[in-house]
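Novice: Just dropping this structure here.
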């Protein structure tokens, strides 16, 4: 970029001076958003438009997705983009001893291919919201700064980065129009650090008139006649077609259709919209249009049920949000559920609940401002409702609900699909939120019928071998107190309950939460963190309870092994008629002895929190009986009545003699 062009007041793509460490094409700031699934990107676009419409107090919020094919040279600032890209590649290769890092080659090739093409596709997303002006545009382009009102859904102001991977150019442009007719435009491209005339330039380029060394006013934006027709034409369409004429447009040049070649774009957009915003559609608040090659499709209150039905058999999801099955059941609760109102002490909130068939899994989920957020809420874990008949409840939180809305909004992560109260809330705020959720728990205990307990006796249970051979036994290596117990019977699970069988976190580099120390998680997402790989070894076991949380197990291996490990899982059921915790989780072992000899700490396998979960037994001989004695604790989250016995499931697996405990990646 020449010195003359840098001083020009004409809008262009401009890269500011590098103020920190150098960044490559795979910069840390964008890495968390690089491999997002389509649902995440579409959800972010819809959420921003929904917030803008709510702030403008639109009775019906309209959002329009358009796909257009046009010349690459029509993209604003593309000449400056080309020169900066060429220099960034050259400088990054020089910094990496002549070649790009392996992680950057795919990104650079996609950029180069798009630049060398004569045409590209652009995704335009239009809405009839409050529009954009200087302050809103500045907040949109600034990481960690949000200028949304308290009614907004977003809590972390870098959501615009979510959309960048949908562009092979990693370039997104924005435009806004106010009710008074004022328009504004801007854009953001992410390349890599590079040199320009001996000056270090940032990876971030902004389509603006000027970048200034001013903390409060870093950009001068093109306005009115200065706005490029690429953006202006869409803002004029909004003015002509949607009263009162205000709104915004997001443009994604080099649109790669989320790299989902086997899936139609309408299918991806409609699924993401229906499965995340069913609450807004149900209330008649949201209208989505989709235009691709003159083919227009619509999603609104009139067809949301039929759209959801198309995905009702989907029980797996890679996006970290609701599966189609779960979304159908949540929508049904909103439509058919009974209304209740709860005074949480932080504001009055509305909920809807309905009863489920026997065998259903009770669940409380949260929608805020029309968008599904999470089913993992403090004080509302599934195991706390064990004494109630199965039910499903939707909390419908709104900005008008007061302080509780503010706290939930503040506690959300950047993708708005879970709460991180420990990270985002102060100690007193966490306590207030927990107290408010206790109020919800108390209200549900008032209105949901109590489950009737049934007494039954387990008969004729002796030693159970690793093949599960016994009178009624079905699981390998059971050990524990076999006696009369009082528990709620487990009925056959209803197939239409809508339980997800797989959930993903959103970005590929975000680790899905796993239970530590075998911590039980009421939503089936927890797992012990120590290594699980290994071949099972045949064995027989005779358990003898020696105290409330003490046990002696006489274990006879059925085959030789050079190295082995034994661990004891909290069994999820005694037989088919018993209640289930729902996941496998491990007892925390203490004071372990093998053949009356204390086991050294180095022979125990630990989790991340240093709880002992497994015992390395070394070599095994079928001719030698082992006697294992231990005390144990239940993992955090398992709460059992004093008269309820604990049933342990022994697991004996083969290990190499020199194997060490490893965490599951």
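Novice: What spacing in nm lies between the two simple spin-label points modelled at residue 9 and residue 223, each 7 Å away from Cα in the Cβ direction?
Specialist: Going by the 7 Å Cα→Cβ label model, 1.3 nm.
Novice: On a full-extension model of 0.36 nm per residue, what is the gain between residue 257 and residue 316, subtracting their alpha-carbon distance, rounded to one decimal in nm?
Specialist: In short, 19.1 nm is gained.
Novice: Per-residue counts of other Cβ atoms within 10 Å, averaged by peptide: what ranking do you get for 40-47, 109-116, highest first?
Specialist: Descending packing order for the listed peptides: 40-47, 109-116.
Novice: By average Cβ neighbour count within 10 Å, what is the ranking of 378-386, 180-188, 600-608 from highest down?
Specialist: Descending mean neighbour count gives 180-188, 378-386, 600-608.
Novice: Now a separate question. Please give the contour-minus-distance gain from residue 113 to residue 297: 0.36 nm per residue of separation, less the Cα-Cα distance, rounded to one decimal in nm.
Specialist: Between residue 113 and residue 297, full extension yields 63.2 nm more.
Novice: Moving to a separate point now. Could you tell me whether the stretch 10-259 comes out rounded, prolate or oblate from its Cα gyration tensor? Rule is a ≥ b ≥ c as square roots of the eigenvalues, rounded for a/c under 1.5, then prolate if a/b exceeds b/c, otherwise oblate.
Specialist: prolate
Novice: A further question follows. Is the shape of the stretch 248-287 rounded, prolate or oblate, going by the alpha carbon gyration tensor and its root eigenvalues a ≥ b ≥ c, with a/c under 1.5 for rounded and a/b larger than b/c for prolate?
Specialist: oblate
Novice: Along Cα→Cβ, 7 Å out, is where each label goes; now give me the distance between the ones at residue 546 and residue 387 in nm to one decimal.
Specialist: 3.5 nm
Novice: Mind giving me the FRET efficiency for residue 379 and residue 338? R0 is 30 Å, r the Cβ-Cβ distance, nearest 0.05 is fine.
Specialist: Efficiency, from the Cβ-Cβ distance: 0.90.
Novice: So how far apart, in nm, are the two label points at residue 442 and residue 135 if each is 7 Å from Cα heading toward Cβ?
Specialist: 4.0 nm
Novice: Could you give the length gained on full extension between residue 597 and residue 403, defined as 0.36 nm per residue of separation minus the Cα-Cα distance, in nm?
Specialist: 64.1 nm
Novice: Further, regarding this structure: By its C-alpha gyration tensor, with a ≥ b ≥ c as the square roots of the eigenvalues, how is the stretch 193-262 shaped: rounded for a/c under 1.5, else prolate for a/b larger than b/c, else oblate?
Specialist: Because a/c hits 1.5 or more and a/b fails to exceed b/c, the stretch 193-262 counts as oblate.
Novice: Let me ask you something else. With just the Cα atoms defining each centre, how far is the stretch 93-123 from the stretch 184-209? Give it in Å.
Specialist: So the separation of the two Cα centres works out to 16 Å.
Novice: Here is a follow-up. Order the peptides 252-258, 433-439 from the highest to the lowest mean number of other Cβ atoms within 10 Å of their residues.
Specialist: So the peptides 252-258, 433-439, ranked by packing, come out 252-258, 433-439.
Every read-out reported here was derived from the displayed coordinates using simple, explicitly stated rules and does not represent laboratory data. All figures in this text were calculated on a predicted structure; none of them were measured in a lab. A quick note on method: Cβ atoms are made from the backbone with ideal geometry, for glycine too, and the neighbour counts reach across all protein chains shown.
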